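Chemist: The structure's right below; bear with me while I get my questions together.
The values are calculated or read from the model by the stated rules, or taken from the named source; none is laboratory data. Quick caveat: nothing in here was measured; it's all calculated off a predicted structure. Positions of Cβ are backbone-derived with ideal geometry, glycine not excepted, and every protein chain shown enters the neighbour counts.
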Amino acid sequence: MPISQAFFQRSNALLLAVGIAVLVVIVATSLWLTAASERYFGEVTAARAVRSASADLLSLVQDAETGQRGFLLTRDESYLEPYTAAVSRLADQRVRLEQAAARLREVDPILQRVTGALDRKMAELAATVQATRQGDVEAATALVRSGTGKRLMDELRADLNAIVATSETELREAIDAQLTASNRLRWTTIIGAVLILAMAGAASWTIISYTRELVAARREVEVLNIGLEERVRQRTDALVKANEEVQRFAYIVTHDLRAPLVNIMGFTSELEAMFKPIDAYVEAGAAASPEQKAAAEEALRVDVAEAIGFIRSSTRKMDGLINAILKISREGRRELRAESVDLAALIETAAGAVHHQASAEEDGGIAVDSQVPRIVSDRLSLDQIMGNLLDNAIKYRAPDRPIRIAVRTRRERRGWVTIEIEDNGRGIAASDHERVFELFRRSGAQNTAGEGIGLAHVRTMVRNLGGDIAVRSELGKGTTFTVTLPPDLAAYRRSAEA
Amino acid sequence: MTNGKPVSIIMIEDDEGHARLIEKNIRRAGVSNEIIPFANGTDALDYLFGPDGSGAVSAGRQLLILLDLNLPDMGGVDILEKVKANTHTRRSPVVVLTTTDDSREIQRCYDLGANVYITKPVDYDGFANAIRQLGLFFSVIQVPETP
């Protein structure tokens with residue numbers, strides 16, 4: 001798939017934007033999840049603090065009770081030690097629990113009850129200790145026996161254990177939540193990384209493809225550049241050739257037009273001279289001598305007739321030359337029509353038109369080998385080219401052998417079409433191979449009628465079609481004309497104009 | 001001409017009118033040598049070199065060649081080249097008489113051994129004059145017998 005520059009820029013910008021968005025999402029999610037994790041960690045800490053504070057408080061109350069029981073039994077102050085220590089630390093411990101529980105709202109109602117029960121328990125303990133110290137052991141024992149202390153203690157134990165249980169549940173939940181959060185964080189990071197890698201991969205692919213295409217395009221431009229130089233060279237060659245041809249043409253035309261002109265002027269002057277004896281004879285009238293009469297008659301009947309004959313033939317020749325030049329110049333101006341032409345059929349038709357002349361003799365004939373069925377070119381020009389070349393092949397036959405003509409078409413490199421017309425005629429001397437294509441020039445014995453126009457005309461037409469014509473011949477053996485044409489005249493003209 | 005042997009003037013000129021005018025003016029200059037006209041190169045070469053093309057037929061002839069460069073069947077330059085390359089004909093003077101005054105062509109003809117190059121003027125007085133002077137020139141030059 002070719003990548004246009006606009007597509008490349010758009011897709012790269014899009015990939016970049018998507019990549020940045022993914023990155024932003026990852027960073028935001030990470031921040032959010034980290035914050036959540038921190039919050040869960042705080043909850044864990046708080047739950048732990050509540051747990052340890054309530055456990056410590058319970059143990060402190062138990063210590064106080066233990067001290068109270070020992071003192072009741074022994075009435076020895078030293079056994080009261082745990083009680084006094086517990087009482088002195090209790091206030092702190094209660095504050096710790098309340099502070100810790102501030103982060104754990106669920107335990108508030110229990111804590112209210114604990115506070116009340118604790119106050120009453122401590123008051124009961126203080127009352128028994130007070131009574132014992134005053135020596136009223138009976139009252140103290142009665143107080144203990146009443147069971148108020150035990151009931152309060154049971155309540156406290158149950159409530160504090162409930163707080164521990166709640167905080168433990170809380171702890172577990174917080175730990176679970178933290179695990180989930182970190183799991184999420186991990187997955188977000190993994191998915192984000194995969195997405196970013198995919199974006200980077202896609203961007204790299206686009207860049208690599210685009211670069212590869214740029215390299216290919218540059219290579220193509222280089223190839224075109226080389227082709228361009230080649231084409232400029234070909235065009236220049238063609239121009240030089242055409243220029244030489246125009247010069248040669250102008251030279252031939254001026255020379256050939258001058259030749260009859262020399263005749264016309266020469267014989268006109270001769271005519272003037274011829275009228276002198278006639279004039280003398282007329283002047284003399286009846287007194288004219290027989291010599292004068294004979295000279296006048298000779299001039300009038302022979303010389304004048306000859307001079308007029310030459311003047312007339314010269315003007316006719318000039319007219320013929322001018323017509324031929326006009327014909328060729330018109331051919332050069334004629335609008336060519338590029339159309340699909342059935343080349344094989346066209347050659348068959350052209351061959352058919354001269355077939356009777358070629359096959360009148362034994363062994364004679366025209367063999368056609370068509371390997372190119374169609375060509376896009378000007379039909380009329382092709383007709384005339386084939387007709388002219390086949391006519392020539394028959395006209396300039398070798399009189400001592402039957403006419404054999406072979407027409408071959410084949411495809412050359414870059415699709416160009418080659419038409420070969422080979423004959424076994426009298427051939428053309430090597431020195432005349434270029435000359436036969438020139439206007440009014442002919443080659444070999446002048447034993448057939450002709451003006452020297454046919455091949456000049458054929459070459460003009462072939463070149464108008466974008467092709468060229470060449471000749472290969474050996475005197476006395478035969479001649480091969482090779483016409484090379486572009487496969488598509490319309491395309492050729494487009495590229496020639498480009 | 002001078003040594004009493006008849007010198008033949010070979011006139012190779014495809015234009016009948018030119019041939020006739022040249023002949024008239026040569027005669028007018030008082031030259032009465034035989035003029036053998038050829039209207040094309042093939043016939044002229046047949047005469048000069050014989051059917052075998054060796055040129056042996058010209059042995060012993062005294063020839064002066066008047067040559068037009070623009071012939072229908074071959075270039076006059078080719079004939080000049082052949083004449084000057086053949087042992088039997090190379091000493092025969094060749095007068096190139098043509099309508100072109102292309103300097104390169106004139107040079108080429110002299111390089112190939114042409115003895116005189118004359119451009120046919122279009123105005124008849126000039127033409128007649130040139131031919132008559134050529135006739136005077138013919139009457140004084142020495143033409144060797146071809147070996």
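Chemist: So, A:Asp432, is that one over 49 Å from the mean Cα position of the chain (by Cα), buried (at least 20 other Cβ atoms within 10 Å of the Cβ) and of a type outside the set (Gly, Ala, Ser) or not? Break it down stepwise before answering.
Modeler: Values: over 49 Å from the mean Cα position of the chain (by Cα): yes; buried (at least 20 other Cβ atoms within 10 Å of the Cβ): yes; of a type outside the set (Gly, Ala, Ser): yes.
So A:Asp432 passes the test.
Chemist: I'm trying to understand the selection: among the residues of the range A:242-297, which are over 60 Å from the mean Cα position of the chain (by Cα), of a type in the set (S, T, N, Q) and within 14 Å of chain B (Cβ to nearest Cβ)?
Modeler: First pass over the range A:242-297, keeping only residues over 60 Å from the mean Cα position of the chain (by Cα): A:257-297.
So of that shortlist, the ones also of a type in the set (S, T, N, Q) come out as A:263, A:268-269, A:289, A:292.
Residues satisfying the conditions are A:Asn263, A:Thr268, A:Ser269.
Chemist: Take the range A:383-412 and flag every residue that is within 18 Å of A:Thr460 (Cα to Cα), among the polar types (S, T, N, Q) and surrounded by 18 or more Cβ atoms within 10 Å (Cβ to Cβ).
Modeler: A:Asn388, A:Asn392
Chemist: Ok, one more. B:Leu48 versus (1) under 30 Å from A:His433 (Cα atoms); (2) in contact (Cβ under 8 Å) with a residue 40 or more places away in the chain; (3) within 13 Å of chain A (Cβ to nearest Cβ); (4) in a helix (DSSP H, G or I): which is the lone unmet condition?
Modeler: Failed condition: (3).
Chemist: Taking the range A:472-498 as the search range and keeping residues that are part of a strand (DSSP E or B) and of a type in the set (Gly, Ala, Ser), which one is nearest to A:Glu438 (Cα to Cα)? I'd like the intermediate steps shown before the answer.
Modeler: Going through the range A:472-498, the residues part of a strand (DSSP E or B) turn out to be A:472-474, A:478-485, A:488.
If we keep only those that are of a type in the set (Gly, Ala, Ser) as well, we get A:473, A:478.
On the way: A:Ser473: 17, A:Gly478: 20 Å.
Looking at the filtered set, the residue picked out is A:Ser473.
Chemist: All but one of (1) free of Cβ contacts under 8 Å to residues at least 40 places away in the same chain; (2) touching a Lys or Arg at 6+ places or on another chain (Cβ under 7 Å); (3) among the charged types (D, E, K, R); (4) surrounded by fewer than 14 Cβ atoms within 10 Å (Cβ to Cβ) hold for A:Glu339; state the number of the condition that does not hold.
Modeler: Among (1) free of Cβ contacts under 8 Å to residues at least 40 places away in the same chain; (2) touching a Lys or Arg at 6+ places or on another chain (Cβ under 7 Å); (3) among the charged types (D, E, K, R); (4) surrounded by fewer than 14 Cβ atoms within 10 Å (Cβ to Cβ), the lone unmet condition for A:Glu339 is (1).
Chemist: So, one more: Regarding the range A:456-471, can at least one residue be identified that is of a type outside the set (A, V, I, L, M) and surrounded by fewer than 16 Cβ atoms within 10 Å (Cβ to Cβ)?
Modeler: Filtering the range A:456-471 for residues of a type outside the set (A, V, I, L, M) gives A:457, A:459-460, A:463-464, A:466-468.
Filter once more, so that each one left must be surrounded by fewer than 16 Cβ atoms within 10 Å (Cβ to Cβ): A:468.
Yes, that holds for at least one residue.
Chemist: Being within 10 Å of chain A (Cβ to nearest Cβ), at pLDDT 85 or above and buried (at least 16 other Cβ atoms within 10 Å of the Cβ) is the requirement here; does B:Val96 meet it?
Modeler: Working: within 10 Å of chain A (Cβ to nearest Cβ): no; at pLDDT 85 or above: yes; buried (at least 16 other Cβ atoms within 10 Å of the Cβ): yes.
No.
Chemist: For A:Met318, work out the one condition from (1) away from chain B (no Cβ under 14 Å); (2) aliphatic (A, V, I, L, M); (3) surrounded by 14 or more Cβ atoms within 10 Å (Cβ to Cβ) it doesn't fulfil.
Modeler: It is condition (1) that A:Met318 fails.
Chemist: Looking only at residues in the range B:67-93 that are more than 14 Å from chain A (Cβ to nearest Cβ) and touching a strand residue (DSSP E or B) at 6+ places or on another chain (Cβ under 8 Å), which one is farthest from B:Ala56 (Cα to Cα)? Let's see the steps before the verdict.
Modeler: Narrowing the range B:67-93 to residues more than 14 Å from chain A (Cβ to nearest Cβ): B:67, B:83-84, B:86-93.
Subsequent filtering for residues that are touching a strand residue (DSSP E or B) at 6+ places or on another chain (Cβ under 8 Å) retains B:67, B:83-84, B:89, B:92-93.
Details: B:Leu67: 21, B:Val83: 12, B:Lys84: 14, B:Thr89: 9, B:Ser92: 14, B:Pro93: 18 Å.
The qualifying residue farthest from B:Ala56 (Cα to Cα) is B:Leu67.
Chemist: Please state which one of A:Ile421, A:Ile469 is more than 24 Å from A:Val240 (Cα to Cα), away from every other protein chain (no Cβ under 14 Å) and either not hydroxyl-bearing (Ser, Thr, Tyr) or not in a loop (DSSP other than H, G, I, E, B) (or both).
Modeler: Values: A:Ile469 fails: more than 24 Å from A:Val240 (Cα to Cα).
Within the list A:Ile421, A:Ile469, the selection yields A:Ile421.
Chemist: Additional query: Quick check, is B:Tyr117 closer than 24 Å to A:Gly266 by Cα, surrounded by 15 or more Cβ atoms within 10 Å (Cβ to Cβ) and touching a strand residue (DSSP E or B) at 6+ places or on another chain (Cβ under 9 Å)? Talk me through it step by step, then tell me what you get.
Modeler: Numbers: closer than 24 Å to A:Gly266 by Cα: yes; surrounded by 15 or more Cβ atoms within 10 Å (Cβ to Cβ): yes; touching a strand residue (DSSP E or B) at 6+ places or on another chain (Cβ under 9 Å): yes.
Yes: the conditions hold for B:Tyr117.
Chemist: Let me ask something else about it. Filter the range B:26-40 for residues that are within 13 Å of chain A (Cβ to nearest Cβ) and within 15 Å of the chain's Cα centre (by Cα); which is farthest from B:Pro72 (Cα to Cα)? Reasoning before the result, please.
Modeler: Applying the first criterion (within 13 Å of chain A (Cβ to nearest Cβ)) to the range B:26-40 yields B:27-28, B:38-40.
This time we only want the ones that are within 15 Å of the chain's Cα centre (by Cα), so: B:38-40.
Numbers: B:Phe38: 12, B:Ala39: 9, B:Asn40: 7 Å.
Applying the filter and picking the extreme gives B:Phe38.
Chemist: Separate question: Among residues belonging to the range A:115-157 that are in contact (Cβ under 8 Å) with a residue 60 or more places away in the chain, within 23 Å of A:Gln93 (Cα to Cα) and among the β-branched types (Val, Ile, Thr), point out the one that is surrounded by the most Cβ atoms within 10 Å (Cβ to Cβ).
Modeler: Residue satisfying both the conditions and the ranking: A:Thr128.
Chemist: Mind listing whichever residues of the range B:99-118 are more than 10 Å from every other protein chain (Cβ to nearest Cβ) and of a type in the set (Val, Ile, Thr)?
Modeler: Within the range B:99-118, B:Ile106, B:Val116, B:Ile118 qualify.
Chemist: Would you check which residues across the range B:54-66 are crowded, with 19+ Cβ neighbours inside 10 Å and either at positive phi or within 14 Å of another protein chain (Cβ to nearest Cβ) (or both) and list them?
Modeler: B:Gly55
Chemist: Whether any residue in the range A:5-20 is of a type in the set (Phe, Trp, Tyr), closer than 19 Å to A:Met199 by Cβ and either within 53 Å of the chain's Cα centre (by Cα) or at pLDDT 85 or above (or both) is what I want to check.
Modeler: If we filter the range A:5-20 for residues that are of a type in the set (Phe, Trp, Tyr), which is where we start, we get A:7-8.
Checking which are closer than 19 Å to A:Met199 by Cβ leaves us with A:7-8.
Cutting the leftovers down to either within 53 Å of the chain's Cα centre (by Cα) or at pLDDT 85 or above (or both) gives us A:7-8.
Yes - at least one qualifying residue is present in the range A:5-20.
Chemist: Which residue, of A:Ile226, A:Ile207, A:Ile190, is touching a residue at least 40 places away in the same chain (Cβ under 8 Å), surrounded by fewer than 16 Cβ atoms within 10 Å (Cβ to Cβ) and either part of a helix (DSSP H, G or I) or of a type in the set (Ser, Thr, Tyr) (or both)? Working first, answer last.
Modeler: Values: A:Ile226 fails: touching a residue at least 40 places away in the same chain (Cβ under 8 Å); A:Ile190 fails: touching a residue at least 40 places away in the same chain (Cβ under 8 Å).
Within the list A:Ile226, A:Ile207, A:Ile190, the selection yields A:Ile207.
Chemist: Any chance the range A:413-420 includes a residue that's within 42 Å of the chain's Cα centre (by Cα), surrounded by 14 or more Cβ atoms within 10 Å (Cβ to Cβ) and aromatic (Phe, Trp, Tyr)?
Modeler: Our first condition is that a residue be within 42 Å of the chain's Cα centre (by Cα); within the range A:413-420, this holds for A:413-420.
With surrounded by 14 or more Cβ atoms within 10 Å (Cβ to Cβ) added as a condition, the list becomes A:416-420.
Next, only the ones that are aromatic (Phe, Trp, Tyr) stay: A:416.
Yes, the range A:413-420 contains at least one residue that is within 42 Å of the chain's Cα centre (by Cα), surrounded by 14 or more Cβ atoms within 10 Å (Cβ to Cβ) and aromatic (Phe, Trp, Tyr).
Chemist: Just one of (1) crowded, with 22+ Cβ neighbours inside 10 Å; (2) closer than 30 Å to A:Ile308 by Cβ trips up B:Met74, so point out which.
Modeler: (2)
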